[in-house]
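A short worksheet on the structure shown next.
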Amino acid sequence: MKHLHRKFILFILSSLVVVSCASQPTTPNIPINTLEIINSPQPSSTLTATPIFTPTQTPTPFESVLLGTPLPLVSSIVSPDNASQVIQLARWGDGIIWRALVSPNGKSVVLISSIGFYLYNSKTFEMIRFIETDSDIGGVAISPDSQILAIGTRERMLVYSLNDGALITTIDKSATNLAFSPDGQKIAIGAGDWDMCRKEGSLELWQVSDWSLLQILPLTNELDCIGDLVFSPSGKFLAASAFEVLVWEIGENSSTLKVQSWGCDIFEGSVAFTPDDKTLVIGQQADSGRDEICLMRLADGEVLGALDKANKSNYSCGSQVLISPDGQLMASNLDGKVTIWQTGFWKQIHSLDVEGSCAQLSGWLPDGKTLMFLLPDSSLQFLDSQTGKIIRSVNLRKPSNPVNTVAWSPDGETIAVGDEEGIAHIFNAQNGIVVNGFGSGYELNSIAFAPDSLTLALGYGDRTAQIWNLDGNLQQIIEGFGYGSSDVTFTSDGKLFAAILPESWQTPPQVRIWNTSNWSVEKVFPVGDRDNYMITGFALAPDQNTGAISYVDMHGYHTDFIKIISIHDGTELANIEPKRNQYRVFIDAIVYSPDNSMLAALVSEFDDPNPRILVWQTSDWSLLYQITINSGPRLGLSKNQRDALTWSPDGRLIVVGVKDGSIQIFKAINGENLATLHGHTMWVTGVAFSPDGKMLVSSSIDGTIRIWGIAP
């Protein structure tokens, strides 16, 4: 899980492309043979982004995006006897907004999030409704008559009425990409591998009137990660982008593959037809990872030329291209700029710098002159293509980030969560109201409360730590070096603080313990040498006598171990190798039981999609049992790349957050599976019990916090 396939990275970059659903009338033929390549800089407007939150060392008013339903009162402690009755009590957060669409008639705006979709009136921008889904959303399309919204998830395609939000039908088929035909009578359903781009995809045509299957289109092995799917204006052709460009000629009963071309470069992100059906415009990612636009002749797949090759930045924004309803203009989002082009001679008319942000094109309004796009701060921008100016800006929902970690304070009054932007959000655990937010830096991947419940330690992915008071005063910064896990923890008396924080290239990987009275280093526990070892995690025993360090020995095959040390003098008490076969085992989490009698580790392996929990008894470090977790595919990508593992306060339960979005509860005495909780749509990155054992809080990269317990 810690090594990403290159194709997957490209797929993520191109999975946000926008499919144009509007019918495009025929215009005079475009003189492709007189193609003029424009390389000179064009006048540009500047869109200045306003910071959402600036970290400070003094208390400031703070409004979090992670707001939601209040907590009901609960009275039962979660135990092996009632674990099967645990349900979701509350959800905090709107999910991550990753896409917006405007309906062809311009009356509705749809925001797609990691947990469902929001429908707005485009004139008043009042929210009409929110519909939650049980899986993250892939393909999205609105019918040309603006009556139907089709969304695709990993498990199924859901079809809704835009008028009243009613579910029209469900098709049990994964839908990575969707496209309605211009007459609205057909819908193309593309399915590819959501994660690693290793499996052959599928492409089908369905009849909209009765939602029946019409055709299964012929494919190539490269149709595994579809970047875009679009019909030509006449409806005669259907194009898909992947690691090649494919175009089918659509027949009444069967379709033939007309063009199969490697196109312009390494990966084709977005495609659009010119109104005459003769040319395909391709937004593509070059081998360097940057964006380009090229033109392809539909008759034979020949590449005619490339646009905007001179103005290059070093990052990709998804390579979107979107032609206006009248065919006279084209918009692109290359290299952190929103650019308007005149079709035919393909000249840049306007180029709007969005300050290094990646804008996602949402669609042209019916007037054919106004372009809507979405910025990372979840604001909708409306660009006048005639002036190149923003004529309207609307913030419909506050931006939410993937959440990496969560902790419940010892007094039970506060919940703290950390997101990938380095911010810790502080909740009143009784009512879900956010009382503060602070922090800054690399992604925040570890949080720990001091015993006084008033001090919070933040561990960052660059191996630095920050110590804050809950009122927002920064007390201490502990500088680290390198990148990786930053497990942070306080001793039960609050006098000591431990973290993984190597300081220089000369020091070996080590766990350090500080005296919290003056933040002097009390103890250092090195592991191996700088070049061949790496520490991945640390757990402190409740009795404060021992500690468990997970580390990687990089000699030959990378092998993960757990070293048990004496906190008093650093003596090695045991060295555990949870390896099961010749493949490397990743140790994702290690946690002591509350009574100090057991140590649990969550491990995963290259050759086994199902992670395991191993439990040892601390008296002699013998393995008591292991649990195989039945997990579905990984849903989404976490920078933290750590799974979540915790014990209940009474030590009777072990709870794990899984990459498929589920939470699983096991009996600690023997590993029996007692319950599986479903609610998160993506990877669960953190789980923590309330001190009284009555509730469980979970975090996820779907941008939400969930509270679980026994219904009152």
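The values are calculated or read from the model by the stated rules, or taken from the named source; none is laboratory data. In this text, all values refer to a predicted model and were calculated from it rather than measured experimentally. Cβ: placed from backbone, ideal geometry, glycine included. Neighbour counts: every protein chain shown.
What the table below lists for this structure:
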| read-out | value |
| --- | --- |
| Strands (runs of 3 or more DSSP E) fully within the range 434-494 counting 1 or more residues that are of a type in the set (A, V, I, L, M) and surrounded by 21 or more Cβ atoms within 10 Å (Cβ to Cβ) | 444-449, 455-460, 465-469, 474-478, 488-490 |
| Residue match in the range 115-122 (condition: among the β-branched types (Val, Ile, Thr) and more than 22 Å from PRO399 (Cβ to Cβ)) | no |
| Checklist (1) under 29 Å from the mean Cα position of the chain (by Cα); (2) modelled with pLDDT of 90 or more applied to LEU496, failing item | (1) |
| Yes/no for SER122 being closer than 25 Å to LEU322 by Cβ, surrounded by 22 or more Cβ atoms within 10 Å (Cβ to Cβ) and of a type in the set (Ser, Thr, Tyr) | no |
| Qualifying positions in the range 162-184 - of a type in the set (S, T, N, Q) and closer than 15 Å to VAL140 by Cβ | SER174, THR176, ASN177 |
| Some residue of the range 236-244 being at pLDDT 75 or above, in a strand (DSSP E or B) and among the acidic types (Asp, Glu) | no |
| Pairs, first more than 26 Å from ASP452 (Cβ to Cβ) in the range 508-534, second loosely packed, with under 15 Cβ neighbours inside 10 Å and at pLDDT below 85, C-beta under 6 Å, six or more apart | PRO508/ASP529; ASN532/MET554; ASN532/HIS555 |
| In the range 507-520, residue farthest from ASP588 (Cα to Cα) [restricted to those that are β-branched (Val, Ile, Thr) and in contact with a strand residue (DSSP E or B) (Cβ under 6 Å, 6 or more places away or on another chain)] | THR516 |
| Residue check for SER453: over 27 Å from PHE586 (Cα atoms), small (Gly, Ala, Ser) and at pLDDT 95 or above | yes |
| Positions within the range 610-632 being modelled with pLDDT under 85 and in a loop (DSSP other than H, G, I, E, B), in sequence order | ASN630, SER631, GLY632 |
| Some residue of the range 469-486 being modelled with pLDDT of 90 or more, under 30 Å from the mean Cα position of the chain (by Cα) and either aromatic (Phe, Trp, Tyr) or within 24 Å of ILE590 (Cα to Cα) (or both) | no |
| So GLU420, is it buried (at least 19 other Cβ atoms within 10 Å of the Cβ) and either in contact (Cβ under 8 Å) with a residue 24 or more places away in the chain or over 24 Å from ASN121 (Cβ atoms) (or both) | yes |
| Among residues of the range 671-686, those that are at pLDDT 95 or above and buried (at least 24 other Cβ atoms within 10 Å of the Cβ), counted | 0 |
| Subset tally (residues that are closer than 20 Å to ASP183 by Cβ and part of a loop (DSSP other than H, G, I, E, B)) for the range 108-157 | 5 |
| Leading residue by the ranking (nearest to VAL403 (Cα to Cα)) among those in the range 633-664 that are of a type in the set (Gly, Ala, Ser), surrounded by fewer than 24 Cβ atoms within 10 Å (Cβ to Cβ) and modelled with pLDDT of 90 or more | SER662 |
| Flag for ILE112 being closer than 22 Å to ASN401 by Cα, crowded, with 22+ Cβ neighbours inside 10 Å, free of Cβ contacts under 8 Å to residues at least 40 places away in the same chain and out of contact with any Ser or Thr (no Cβ under 7 Å at 6 or more places or on another chain) | yes |
| Subset of the range 689-712 (residues that are of a type in the set (Gly, Ala, Ser) and surrounded by fewer than 24 Cβ atoms within 10 Å (Cβ to Cβ)) | SER690, GLY693, ALA711 |
